[in-house]
Amino acid sequence: MINRNYMSGLLLWICGAGLRLSVLAVPPVISLIQSDLQLSGTEIGILTGIPVILFAIAAAPGSLLIEHVGVRWTLAGGLAITALGSGMRALAPEAYSLYAATVLMSGGIAIMQPAMGAAVRQWMPERAAFGTALYINGLIVGEVVPVALMLPVLLPYFNQSWRLGLLTWSAPLLVIAIMVFAFGPRTENHAVSKPGRLWPDLASKLNWKIGMILASVASTYFCTNAFLPAYLTSMGRSADVSAALTALNVGQFPISLLMVALADRFQSKRWPFIFFGIMMLASIFGVVFSTGWWTIISAGVTGMACSALLTLSMALPPLLARNPDDVARILAAALAISYTYAMFVSLVSGMAWDIGGMAVFAFVPVAIAATPSLFTIWMISLKPASNNDRL
């Protein structure tokens, strides 16, 4: 049992890392891609937005896939598809083929996301909170590693080739897929309370409320990663790009450990959502209006706030769902809502850049999009499902 728990924990952690390794390899080299393929600001916005829209479209089908093939096959298959799409990006000769490869990569990640909640429930049923925190910590490490290594290590090693830099991240994804297939606990599929569906349940008010909180986090995090390099470069501060992106992503790690330690104290509390929501919004202004190291510090605060809000928000479905089978469905719907929102914000931010003529204008929609988390949390009853009738 001890060995199985260790293996389950390891698999949850590395699968969490696999959710972000290939996605976050792009921002550090986005300027090289833009120059090589002659992309406009709007096209950069589209490229950045493709992952989040696929995360939205494929969330519910991913939940349905679990019912048919199980958690282990869903995770292993999603990782293999992600590795293939990630590698194909390196071969893209122009924008549309790059878009297509990104669609494939993002689809693989999208079907994994609802499977992670199911994996926690099946592989560590007595330690669900710990399992969730574990894979989110892995996810954060998966965001940090490619950002930290791409510019100072991989690009110099590959003679500044962004293509080889992106190709590098396919290898660990394939290794993780093999490990999940070989060592993932074999669990039988259980009868579900109601049949699955290909489209998320958008009639549920709870799904929308959780989705909008996650939407604030997703739009802030993805758009800041996407537009911060171009903004700093336009200000003549290209030397700060690596440090700022590293701070943005590394800042998430220590707070994720803190959230694990304080998870029980924060459960069913409203004030942590308000505190970290205000921190997230304020940090966006800090990124735009500060100079020197203060910009890098502000980027780090953005990462910290996003990480904390993500952890708090991902805990809501298991807390509020009346039936355990509904957790994956609520999560799939909330993710669909949040990523659709983030895609829209990414596109609008790219358009604001083109219309305004300066990269700084991209952050105006980002700041506006960060506000729903501050208001929506007041509309949710945070009592456990047994004490309310929210769903």
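No lab work stands behind these numbers, since they all come straight from the coordinates. Remember, it's a predicted structure, so these values are computed and weren't measured experimentally. With ideal geometry, Cβ positions are generated from the backbone for all residues, glycine too; neighbour counts draw on all protein chains shown.
Numbers at a glance
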| quantity | calculated |
| --- | --- |
| FRET efficiency, residue 269 to residue 290 (Cβ-Cβ, R0 22 Å, nearest 0.05) | 0.10 |
| Relative contact order for the chain, counting Cα pairs under 8 Å that sit 6 or more residues apart, in percent | 26 percent |
| Ranked packing of 93-104, 130-141, most packed first, by mean Cβ within 10 Å | 130-141, 93-104 |
| Total lysine pairs under 17 Å (Cα atoms) in the chain, excluding pairs fewer than 8 apart on one chain | 4 |
| For the chain, calculated [θ]222 nm from helices alone, where every DSSP H run of n ≥ 4 adds -39500 (n - 2.57) | -24500 deg cm²/dmol |
| Burial ordering of 212, 259, fewest other beta-carbon atoms within 10 Å first | 212, 259 |
| Potential lengthening between residue 158 and residue 282 on full extension [0.36 nm per residue; Cα-Cα distance subtracted] | 40.8 nm |
| Rg/Rh for region 1-184, where both radii come from Cα atoms and Rh is the Kirkwood radius | 1.00 |
| Where the Cα pairs of region 201-380 fall when distances are cut into 5 Å bins, in % | 1, 9, 17, 20, 20, 14, 9, 6, 3, 1, 0 |
| Stretch gain in nm, segment residue 94-residue 203, where the contour uses 0.36 nm per residue and the Cα spacing is subtracted | 35.2 nm |
| Length released on extending from residue 10 to residue 171, taking residue separation times 0.36 nm less the Cα-Cα span | 56.2 nm |
